[in-house]
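None of the figures in this text is laboratory data; all of them are computed from the coordinates on show. Just so you know, these numbers come straight off a predicted model, no measurement behind them. Note that each Cβ is placed from the backbone with ideal geometry, even for glycine, and that neighbours are counted across all protein chains shown.
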Amino acid sequence: MPKPRPSEPHDEYISRCMSDDETLSKFPDEEQRYAVCESMWDERELSALSKYRQAFAESYTDYPKQATENAKIAVRWAEENGWGSCGTAVGKARANQLANREPITEETISRMAGFERHRQNSQRELGEGCGRLMWLAWGGDEGIEWAQRKLKQIRDGKA
């Protein structure tokens, strides 16, 4: 029996399922076959919802307010002066995510902790290259230090 494809629209899946040879042979009654196809569609939807809920449940918003303020400084500076060649799409997204106090996942926390390698930029002036802007975009000192502590807590099972 065919399973729904990841980006397949509902109507296309139902049509494909209803005309599938295996489905036809197992469920010759059209109403029963339709119910089975709908059931398989619903399972996919529930599975996707479950994955979303799990990811959301395993996300965190307890990062320091100063990390949010640092990201806001970066976003405001970029709005006034532009990002220029500074940062990647990921770094810019991180700045907005932190500035808006959105939940972040363990993977994101790990990336933040890894940004430690750029600490030499933490004392530079904004506008003096990209270093300070991106350091603030990733939460600055407070955000990076929190991420390092939080990652250890998560991995030690204490978060």
* Asked: Once the Cα atoms of helix 10-19 and of the chain are each reduced to a long axis, what angle between those two axes, in degrees from 0 to 90 to the nearest 10, is obtained?
  -> 30
* To do: Scan (1) 37; (2) 41; (3) 56 for the value of percent of Cα pairs over 22 Å apart calculated from this model and give just the label.
  => (3)
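Per-residue ellipticity at 222 nm for the chain, helices alone: DSSP H runs ≥ 4 residues times -39500 (n - 2.57), over residue total, nearest 500 deg cm²/dmol? Don't skip to the end; give the middle numbers.
Details: 8 runs with 104 residues, N = 159.
So the calculated ellipticity at 222 nm is -20500 deg cm²/dmol.
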* To do: Could you state the angle between the C-alpha long axis of helix 140-155 and the longest principal axis of the C-alpha atoms of the chain, as a value from 0 to 90 degrees rounded to the nearest 10?
  => 50
* GluC sites (Glu not before Pro) within segment 48-151, DSSP loop, no more than 10 other Cβ atoms inside 10 Å -> Glu125, Glu128
* Asked: Using +1 on the beta carbon of Lys and Arg, -1 on that of Asp and Glu, and nothing else charged, what's the dipole of segment 76-130 about the Cα centre, debye to 20?
  -> 80
* To do: Under a 10 Å cutoff between Cα atoms, tell me which one of Met18, Met112, Met134 has the largest fluctuation in the Gaussian network model of the chain.
  => Met18
* Structure fact -> If every Lys and Arg gets +1 and every Asp and Glu gets -1 at its Cβ, then about the Cα centre segment 60-155 yields a dipole, in debye to the nearest 20, of 240
* To do: Obtain the nm distance between the two label points defined at Ser39 and Lys26 by a simple spin-label model: each point lies 7 Å from its Cα along the Cα-to-C-beta direction.
  => 0.9
* To do: Within segment 123-159, which residues have the backbone N less than 14 Å from the label spot 7 Å out from Thr88 along Cα→beta-carbon, could you tell me?
  => 138
